[in-house]
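Report on one structure; see the data block that follows.
The values are calculated or read from the model by the stated rules, or taken from the named source; none is laboratory data. Since the structure is predicted, the reported quantities are computational estimates derived from the model, not experimental observations. Reconstructed Cβ throughout: ideal geometry from the backbone, glycine too, with neighbour counts over all protein chains shown. Ligands, DNA and RNA are stripped out before the accessible areas are found, and what is left, the full protein with its side chains, is counted by its heavy atoms. Shrake-Rupley method; radii C 1.70, N 1.55, O 1.52, S 1.80 Å.
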Amino acid sequence: MTRGIVSIYWGDESKLPIERLKASVAKFHPELPHEIIKVEAPTDSASSLNLKASMFDMSPFDETLFLDIDTVVLGNLGFGFEKAKQFSLAVAICESPWAKRYRKIFSGDQVEYNTGVIFFSRSAKPIFDAWKAFSQEVDSENFGVSFDSGEIFRQPANDQGSFALAIEKTGFNPFVLPMNWNFRPLWQKSFCGPIKIWHDYADPPAFFTELSTYYSSPDSIIQYHQG
């Protein structure tokens with residue numbers, strides 16, 4: 001069984017934190033190959049995110065971790081791989097947990113998952129086949145309201161709507177990782193325990209490295225942190 005990491009990007013690589021991601025992977029998992037693949041973005045920039053639906057086809061590995069380019073690995077990720085082996089798919093719920101923001105797809109309490117960090121095995125193929133098909137078929141326009149200003153914002157397209165639909169239609173139950181495995185500091189202002197994957201273009205605070213060292217000890221006690 002082969003195990004590795006895949007990331008994809010499009011556009012100008014000089015503006016992306018690719019080296020930051022590569023260095024963080026090498027620090028905690030030097031044994032894992034990391035494929036960073038540049039793809040051609042479609043002329044319609046709104047649909048660029050839908051390129052992520054092809055990550056299964058791009059991976060040469062039996063067990064894969066997909067990481068967005070703006071992520072930083074901050075600890076050992078073996079647990080995520082093991083859960084993907086057991087459940088086919090391991091993923092965190094999105095910071096916006098209700099897929100209802102995709103008004104033309106959902107109207108109830110369906111769950112939205114964040115697709116920036118996905119552990120998967122080859123047995124997850126039916127989910128990815130459905131995701132790829134839905135990414136080309138459904139209208140994933142979505143809306144939200146800013147907590148701070150009350151301003152309504154609109155996103156013309158997003159890959160997570162079609163991914164949520166693929167999970168819903170296939171009846172698949174992924175293993176749900178806690179937010180520490182896909183920490184989004186812009187929205188998530190507190191956490192307990194070690195952050196495994198930071199997901200933001202801003203660099204993680206320096207004390208996160210100290211936390212990783214602290215939590216590597218079997219005698220460490222879980223701490224609560226608030227930003």
Of the residues Ala53, Ala41, Ala23, Ala46, which single one is out of contact with any His (no Cβ under 9 Å at 6 or more places or on another chain) and either at pLDDT 95 or above or more than 30 Å from Val138 (Cβ to Cβ) (or both)? Ala23
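Looking at the range 194-207, which of its residues are closer than 11 Å to Val72 by Cα, not in a strand (DSSP E or B) and not acidic (Asp, Glu)?
Result: Ile195, Lys196, Tyr201, Ala202, Pro204.
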Tell me, which residue of the range 78-116 that is open to solvent by 70 Å² or more (accessible area, probe 1.4 Å), assigned to a helix (DSSP H, G or I) and among the charged types (D, E, K, R) is nearest to Lys169 (Cα to Cα)? Lys100
What residue, of Trp181, Trp198, is aromatic (Phe, Trp, Tyr), at pLDDT 90 or above and touching a Ser or Thr at 6+ places or on another chain (Cβ under 7 Å)? Trp198
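Can you report the number of residues in the range 9-20 which are modelled with pLDDT of 95 or more and open to solvent by less than 80 Å² (accessible area, probe 1.4 Å)? Please lay out each step first, then the result.
Of the range 9-20, the ones modelled with pLDDT of 95 or more are 16-20.
In the following step, the residues that additionally are open to solvent by less than 80 Å² (accessible area, probe 1.4 Å) were identified as 16-18, 20.
Matching residues across the range 9-20 total 4.
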How about the range 208-227: which of its residues are open to solvent by 90 Å² or more (accessible area, probe 1.4 Å) and not in a loop (DSSP other than H, G, I, E, B)? Glu210, Thr213, Tyr224, Gln226
Having 3 or more residues that are within 19 Å of Tyr224 (Cβ to Cβ) is the bar; report the strands (runs of 3 or more DSSP E) wholly within the range 150-193 that clear it. 190-192
List every residue pair whose Cβ atoms lie under 8 Å apart, where the two residues are 6 or more positions apart in sequence or sit on different chains, the first residue falls within the range 14-42 and is aromatic (Phe, Trp, Tyr), and the second residue, located anywhere, is buried (at least 17 other Cβ atoms within 10 Å of the Cβ). Phe28/Val73; Phe28/Leu74; Phe28/Gly75; Phe28/Leu77
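State all residues of the range 184-195 that are open to solvent by less than 100 Å² (accessible area, probe 1.4 Å) and out of contact with any Ser or Thr (no Cβ under 7 Å at 6 or more places or on another chain); if no residue qualifies, say none. Before the answer, list the steps.
Step one: filter the range 184-195 for residues open to solvent by less than 100 Å² (accessible area, probe 1.4 Å), giving 184-185, 188, 190-195.
Those that are open to solvent by less than 100 Å² (accessible area, probe 1.4 Å) and out of contact with any Ser or Thr (no Cβ under 7 Å at 6 or more places or on another chain): Arg184, Pro185, Gln188, Ser190, Phe191, Cys192, Gly193, Ile195.
Being in contact (Cβ under 8 Å) with a residue 40 or more places away in the chain, open to solvent by less than 10 Å² (accessible area, probe 1.4 Å), at negative phi and not in a strand (DSSP E or B) is the requirement here; does Ile127 meet it? Give the derivation first.
Numbers: in contact (Cβ under 8 Å) with a residue 40 or more places away in the chain: yes; open to solvent by less than 10 Å² (accessible area, probe 1.4 Å): yes; at negative phi: yes; not in a strand (DSSP E or B): yes.
Here the answer is yes, as Ile127 does meet what is asked.
Tell me yes or no: at least one residue of the range 41-53 is closer than 30 Å to Ser216 by Cβ, surrounded by 14 or more Cβ atoms within 10 Å (Cβ to Cβ) and of a type outside the set (Asp, Glu).
From the range 41-53, those closer than 30 Å to Ser216 by Cβ are none; that's our starting set.
No: the range 41-53 contains no residue that is closer than 30 Å to Ser216 by Cβ, surrounded by 14 or more Cβ atoms within 10 Å (Cβ to Cβ) and of a type outside the set (Asp, Glu).
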Residue check, Glu35 against (1) open to solvent by less than 50 Å² (accessible area, probe 1.4 Å); (2) farther than 24 Å from Gln188 by Cβ; (3) touching a Gly at 6+ places or on another chain (Cβ under 7 Å), all met but one. Which one? (1)
